[in-house]
Amino acid sequence: MRKEIKTLVYDEELRLEAYRFEGMSKPFPNHFHDYYVIGLIEKGERRLWCRHQEYTIGTGQILLFNPGDTHACVQTDGGTLDYRGFNIATEIMLDLAEEITGKRALPGFSPAVLRDEDVSCYLRPLHDLVMSGSLEFGKEESLLFMLSLLMQRCGQPFEDCIPECREEIERACAFMEEHAAERISLDQICREAGLSKSTLLRAFAKSKGVAPYCYLESLRIGRAKKLLEQGMSPMEAALKTGFSDQSHFTNYFARFIGVTPGAYRDIFLKSSGTGGEGQASP
């Protein structure tokens with residue numbers, strides 16, 4: 001079996017992450033991000049679940065995940081996955097959307113899976129430029145052209161992509177966001193939402209696509225990423241974001257981000273205006 005290789009680069013000029021997975025065989029459990037993901041399948045076939053829909057994805061297809069889109073995938077062809085993509089924070093996407101459309105409003109991309117050779121023709125060379133640390137202005141040009149196409153062909157107001165949520169579930173989410181760094185219980189969340197445990201679990205999963213605990217851990221991972229980007233040690237980041245111990249934090253982080261917390265932090269420590277590069281195994 002091929003060795004798994006995971007490479008992640010942060011581009012300070014474009015203010016985004018580029019990453020590449022080669023030889024991946026492990027499944028990705030159900031989770032979500034607080035940023036946009038734009039990716040391209042280069043090899044392999046997987047079954048993907050996103051926004052309550054099931055897809056079979058393969059070579060040449062583009063993946064579009066909005067912030068908060070729950071998704072999971074497993075390999076289906078007995079082989080491995082080669083994949084490249086970008087992570088774009090919402091505040092950066094706001095700036096890019098304003099540059100492209102003249103309106104400072106987040107786009108909502110749909111569908112989650114598509115095949116578009118025009119978009120791919122910009123995505124591949126842009127990714128190569130970022131991974132190589134290029135300073136050429138063609139890098140920014142390719143990014144704007146790619147996003148312009150996606151907004152024209154797949155974009156809609158971001159609010160239209162947010163599933164309707166009951167007031168009780170929103171109260172539960174707000175409570176977890178406020179107390180994410182603390183040790184909280186299901187009883188506390190239920191009291192805040194005003195629901196029984198069984199009702200909360202069913203309603204939450206239907207609304208958000210994940211269970212409350214997975215939602216909470218995803219919040220913690222997002223906050224830990226920001227602390228690691230500032231140079232904080234993995235141990236301190238784990239403590240400050242509510243993880244009970246560093247081992248649990250490391251395993252959870254690697255499952256969802258693709259690299260260990262230490263490797264992720266090192267990317268930003270090494271970065272000096274041209275982006276840094278790191279390779280790691282989960």
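The values are calculated or read from the model by the stated rules, or taken from the named source; none is laboratory data. These figures come from a predicted structure and were not determined experimentally. Neighbour counts are summed over all protein chains in view; Cβ atoms, including those assigned to glycine, are modelled from backbone coordinates with ideal geometry.
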Give the number of residues within region 173-212 that are assigned to a loop (DSSP other than H, G, I, E, B) and of a type in the set (Gly, Ala, Ser).
7
Hey, among the residues in region 66-80 that are assigned to a strand (DSSP E or B) and in contact with a Phe, Trp or Tyr (Cβ under 7 Å, 6 or more places away or on another chain), which one's surrounded by the fewest Cβ atoms within 10 Å (Cβ to Cβ)?
Ala72
For the structure I just gave you, tell me whether Ala263 is touching a residue at least 12 places away in the same chain (Cβ under 8 Å), touching a Pro at 6+ places or on another chain (Cβ under 8 Å) and in a helix (DSSP H, G or I).
no
When both residues are 6+ apart or on different chains and their Cβ atoms are under 6 Å apart, which pairs have a first residue that lies in region 47-74 and is without any contact (Cβ under 8 Å) to a residue 12 or more places away in the chain, and a second that is part of a loop (DSSP other than H, G, I, E, B) and surrounded by 21 or more Cβ atoms within 10 Å (Cβ to Cβ)?
none
Looking at the structure I just gave you, is Asp128 closer than 29 Å to Lys3 by Cβ and either assigned by TED's automatic domain parsing to the domain that holds Gly222 or of a type in the set (D, E, K, R) (or both)?
yes
Quick check, is Gly231 surrounded by fewer than 17 Cβ atoms within 10 Å (Cβ to Cβ), touching a residue at least 24 places away in the same chain (Cβ under 8 Å) and not assigned by TED's automatic domain parsing to the domain that holds Ala72?
yes
Can you find, within region 125-141, the residue that is surrounded by the most Cβ atoms within 10 Å (Cβ to Cβ) among those that are of a type outside the set (Ser, Thr, Tyr) and assigned to a loop (DSSP other than H, G, I, E, B)?
Gly133
Anything in region 20-57 that is at pLDDT below 95, more than 25 Å from Glu177 (Cα to Cα) and either under 13 Å from the mean Cα position of the chain (by Cα) or of a type in the set (S, T, N, Q) (or both)? List them, or say none.
Ser25, Gln53
Based on this model, can you work out whether Ser120 counts as under 21 Å from Tyr36 (Cβ atoms), surrounded by 18 or more Cβ atoms within 10 Å (Cβ to Cβ) and polar (S, T, N, Q)?
no
